[in-house]
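Peer 1: Please see the structure below; I have some questions.
Just so it is clear, none of the values below were taken in a lab; they were calculated from the coordinates. Source: prediction; values computed, not measured. With ideal geometry, Cβ positions are generated from the backbone for all residues, glycine too; neighbour counts draw on all protein chains shown.
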Number of protein chains: 2
Amino acid sequence: MTSRSPLAPAAFPALPDIAGVTLRVARAQYKNWDRCDLTYVELSPGTTVAGVFTRNICCSSEVELGREQVKGGIGRALIVNAGNSNAFTGYRGREAVEQIMGQVADHLGCAATDVFVSSTGVIGVPLPRDKARAGVEAALIAEPCTWEAAAETICTTDTFAKGSAASAVIGERTVQVAGIVKGSGMIAPDMATMLGYIFTDAAVAPSLLQAMLSEATGPSFNSITVDSDTSTSDTVLLFATGQAGNAPLESWDDTGADALYAAIRQVSLDLAHQVVRDGEGASKFIEIEVSGAADDHSAKRVALAIANSPLVKTAIAGEDANWGRVVMAVGKAGEPADRDRLAIRFGDHWVAKQGLPVDGYDEAPVAAHLKGLEVRIGADLGLGDGRATVWTCDLTHGYISINADYRS
Amino acid sequence: MTSRSPLAPAAFPALPDIAGVTLRVARAQYKNWDRCDLTYVELSPGTTVAGVFTRNICCSSEVELGREQVKGGIGRALIVNAGNSNAFTGYRGREAVEQIMGQVADHLGCAATDVFVSSTGVIGVPLPRDKARAGVEAALIAEPCTWEAAAETICTTDTFAKGSAASAVIGERTVQVAGIVKGSGMIAPDMATMLGYIFTDAAVAPSLLQAMLSEATGPSFNSITVDSDTSTSDTVLLFATGQAGNAPLESWDDTGADALYAAIRQVSLDLAHQVVRDGEGASKFIEIEVSGAADDHSAKRVALAIANSPLVKTAIAGEDANWGRVVMAVGKAGEPADRDRLAIRFGDHWVAKQGLPVDGYDEAPVAAHLKGLEVRIGADLGLGDGRATVWTCDLTHGYISINADYRS
């Protein structure tokens, strides 16, 4: 890994064991490197699964297959390949995924469709089947490893391993939720990917599990952006082993469902924030809060227009209170807005209200806020009750260096 | 001006005089600089006008007023202020524009609504009315100047003055078309602007003039992007003085209308390309051609997704034949696409077809193409007859330096 992002947490967090989840890693040597690059997660029989996937039309075979597999609701294993995304590789890429599914299924004595596969790394090169076969073989018999080892093994150009955990009480049982994620933008030098995996020992029916994941994804993984580019492989999977012994949750109305959802949402948000904190070249973590929009959907579109504006992102990199660029981004979003009702703030300091700079505007506290590692931008549209918060990072020379000063 | 873009033409072109158009410049000193910053164009009585304006909702008073004024179809004068965009300045900004309109109208003895005003530069600061009054007063009585002087005076952070001309035959008369434009991205350090002005001595009814400008804008000014950010002040105005003595054109069916349109389109395209060639930090001029899309609208959305992708733009800056990023951009556009029919080329060299790298792919000629100052990217979607071409520039350290290494 290259030098650790200045926005990284101090250390990898302590994650609890999740009954029914066994982690193993191995070396498939997808690239010529000295590290593990294949992760194998074995899940106890009866584990249910939910998934959300990239909306990129040119998605990988892994995503195409995964989207079908989650409909079955059952997961027995997860394989993650790092170093080769297997995207844009046609039938040869698909055959490689099917080989892995079959190999793991034979070992576990389960259906091939219960084995989920993700891949991340270089594109346009079919995953080498011989390396995959040997790597999986080694992983199947490897000693179990830690969360941190697994979180490191799924990484590509990430500068730190990312994990998060929370717990919830369902009836008389305390259940655990733990997750790992990789991603640092759409990640050059290869077109890359956000991959996230969350595990709980709670017993949850697949339909409710999917509902919880879909609901939790909107305000977390789908509310972050590094460079507006959408990977062809983005995947988040949520597995529930049912080993905690709680009365299985079937619907939102069941006791403990809300608590479990809160834990899943907390882990999702924490993992999503860590992805932004590892954004390519990032030197500032930026929270953008839009209020007063026509509705929540509109607020999110405006917030993303601000978050994806190169001029806003470079202004923050330069610690420049250039609120005019925020105004510009609001106006270009194509959503209802009224210039003369618009208010903009940095941190808690309003710089413009009702379409004008505030009277007696004092830039000193704003400049102080912008010097920090965490910057908050607020835009109130003054139209309605729509709200949204998204997170991004700044756009720096580091991003250009990573993505341009390199020949793949 | 900072150092001239490496993509700039060798020199400012020779532009013809346009009968009925008189150019003058003056110093309003909107900023503390040693240059002219106010341009005054006097137009002979009977001049018709057409305009296209930014779609940014948070637009300036100049844009709001201009949009109404073109409905009248008559233009007698144009004032362009450089150094202050007067955007996001509320009623005070509007009063400054109305002052200028009244002052010029008094001098010419015309209606205030026949005087068009544009402003470009810092935002959030109302245009100082005293400086505007003195600047206009000086401009009204200044000696006429050259096209190049006017083209320089409307510039802000541009690195070269931009002009273009063409002619057309209408019946037995040859008419001239000449235009100037400023813009180099949405231009930091201030949120800035593309302003374009095209003049012809042809006689053209306002409704036809507007139709010609609207038609010409789509494949020119509306087919370029530097950083995906849309200014609050973008404006293109087309004035026709009628001094050439041609039989006035009333409809597309009139003799010579097609020829005049072709000249207007040629000038629009040339000026639009020059804006891209002055894109902030640009080191490569990039043409993106999408074919085989469901329809032309869909093709343009895909082309703009490629053109606005930071990962594609940084890859070109790095002279990296990273076609996977083009695939990613096609897939994220949200338009109909089929991964397994997609073909990608750089220059004339196909790198991928039918969702796979081409057999025996040789990177050498592709690498040679990418070393040039002009790069062409092609994407064929293999679905229909939809086509579009857009132009952009690469994303370099220069862009970051201009936009981040600066405190406004």
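Peer 1: Amide H neighbours of B:ILE74 under 5 Å, at least 5 residues apart or on other chains, H built in the peptide plane: list them.
Peer 2: The answer is B:VAL49.
Peer 1: Taking the Cα centre of chain B as the origin, how large is its charge dipole in debye, to the nearest 20, when only Lys and Arg (+1) and Asp and Glu (-1) carry charge on their Cβ atoms?
Peer 2: Its charge dipole is roughly 780 debye.
Peer 1: Work out the length of the dipole vector of the stretch A:285-404 about its Cα centre, built from +1 on the beta-carbon of each Lys and Arg and -1 on the beta-carbon of each Asp and Glu, and round it to the nearest 20 debye.
Peer 2: 320
Peer 1: Output the antiparallel fraction of DSSP beta bridges having both residues in the stretch B:21-277, as a percent to the nearest 5.
Peer 2: Among the beta bridges of the stretch B:21-277, antiparallel pairing accounts for roughly 70 percent.
Peer 1: Below 21 Å, Cα to Cα, which lysines can A:LYS300 reach? Residues fewer than 8 away in the same chain don't count.
Peer 2: A:LYS284, A:LYS313, A:LYS332, A:LYS353, B:LYS332
Peer 1: What gaps in nm, shortest first, separate A:GLY372 from its twins in the other copies when you place the label 7 Å past Cα toward the beta carbon?
Peer 2: Counterpart label points of A:GLY372 in the remaining copies fall at 5.1 nm.
Peer 1: Would you mind listing the distances between the A:SER207 label point and the same position in each other copy? Use 7 Å along Cα-to-C-beta, nm, one decimal, shortest first.
Peer 2: In ascending order, 6.0 nm.
Peer 1: Whose amide H sits under 5 Å from the amide H of B:LEU7, counting only residues 5 or more places off or on another chain, with H placed in the peptide plane?
Peer 2: Under 5 Å from the amide H of B:LEU7 lies no amide H from a residue far enough along the sequence or on another chain.
Peer 1: Rounded to the nearest 500 deg cm²/dmol, what is the calculated helix-only ellipticity per residue at 222 nm for chain B, with -39500 (n - 2.57) per DSSP H run of length n ≥ 4?
Peer 2: -10000 deg cm²/dmol
Peer 1: If you don't mind, another one. So which chymotrypsin sites (Phe, Trp or Tyr not before Pro) in the stretch A:1-73 end up in coil per DSSP with only 14 or fewer other C-beta atoms within 10 Å?
Peer 2: The qualifying sites are A:TRP33.
Peer 1: To check you understand DSSP bridge types, tell me what percent of the beta bridges within the stretch B:76-227 (both residues inside) are antiparallel, rounded to 5.
Peer 2: Bridges in the stretch B:76-227 that DSSP calls antiparallel: roughly 65 percent.
Peer 1: Moving on. Considering only DSSP beta bridges where both residues belong to the protein assembly as shown, give the percentage that are antiparallel (nearest 5).
Peer 2: 70
Peer 1: Sticking with this structure for a sec: If you plug each phi of the stretch A:94-109 into the Karplus form 6.51 cos²θ - 1.76 cosθ + 1.60 with θ = phi - 60°, what whole-Hz ³J(HN,Hα) values come out, in order, with x for Gly and Pro?
Peer 2: Each residue of the stretch A:94-109 in turn: 5, 4, 5, 5, 5, 4, 4, 4, x, 5, 5, 4, 4, 5, 8, x Hz.
Peer 1: Output wanted: per-residue J couplings in Hz (rounded whole) for the stretch B:271-278, from phi through Karplus 6.51 cos²θ - 1.76 cosθ + 1.60, θ = phi - 60°, x for Gly and Pro.
Peer 2: After applying 6.51 cos²θ - 1.76 cosθ + 1.60, I find 5, 4, 4, 5, 5, 4, 5, 9 Hz.
Peer 1: Quick check: from the Cα gyration tensor, does the stretch A:21-277 come out rounded (a/c under 1.5), prolate or oblate?
Peer 2: prolate
Peer 1: Can you give me the relative contact order of the stretch A:21-277 as a percent, contacts being Cα pairs under 8 Å and 6 or more apart?
Peer 2: Worked out over the stretch A:21-277, it gives 24 percent.
Peer 1: Would you kindly calculate the translational diffusion coefficient of the stretch A:68-126, applying Stokes-Einstein with the Kirkwood radius from alpha carbon pairs, for 10 °C and a viscosity of 1.306 mPa s, and quote it in µm² s⁻¹ without decimals?
Peer 2: The diffusion coefficient I find is 135 µm²/s.
Peer 1: With each pseudo-label sitting 7 Å past Cα toward Cβ, what's the B:SER401-B:ALA247 distance in nm, one decimal?
Peer 2: Label-label distance for B:SER401 and B:ALA247, simple model: 5.8 nm.
Peer 1: Next up: Averaged over B:314-323, how many beta carbons belonging to a partner chain fall within 10 Å of each residue's beta carbon?
Peer 2: Per residue, the average neighbour count from other chains is 6.
Peer 1: Taking amide H atoms as placed 1.01 Å from N in the peptide plane, list the residues 5 or more away in sequence, or in a different chain, whose amide H sits under 5 Å from that of B:VAL375.
Peer 2: Under 5 Å from the amide H of B:VAL375: B:PHE285, B:ILE286, B:GLU287.
Peer 1: Once both axes come from the Cα atoms, what is the angle between helix A:206-217 and the longest principal axis of chain A, in degrees from 0 to 90, rounded to 10?
Peer 2: With both axes taken from Cα atoms, the answer is about 30 degrees.
Peer 1: Any idea what the dipole of the protein assembly as shown comes to, in debye rounded to 20, about its Cα centre with Lys/Arg Cβ at +1 and Asp/Glu Cβ at -1?
Peer 2: Once rounded to the nearest 20, the dipole reads 640 debye.
Peer 1: Given R₀ = 35 Å, what would the calculated FRET efficiency be for B:LYS71 paired with B:ASP385, taking r from the Cβ atoms and rounding to 0.05?
Peer 2: 0.45
Peer 1: For A:GLU137 and A:GLU172 in the same chain, what is the full-extension length gain: residue separation times 0.36 nm, less their Cα-Cα distance, in nm?
Peer 2: Fully extending the segment from A:GLU137 to A:GLU172 adds 8.6 nm.
Peer 1: To the nearest 10 degrees, how steeply does helix A:323-332 sit against the main Cα axis of chain A, on a 0 to 90 scale?
Peer 2: 70
Peer 1: To continue, here is another question. Output wanted: per-residue J couplings in Hz (rounded whole) for the stretch B:157-164, from phi through Karplus 6.51 cos²θ - 1.76 cosθ + 1.60, θ = phi - 60°, x for Gly and Pro.
Peer 2: 8, 4, 9, 8, 6, 10, x, 7
Peer 1: Under the convention of a label 7 Å out along Cα→Cβ, give the distances in nm from B:GLU172 to the same position in every other copy, shortest first.
Peer 2: 10.8
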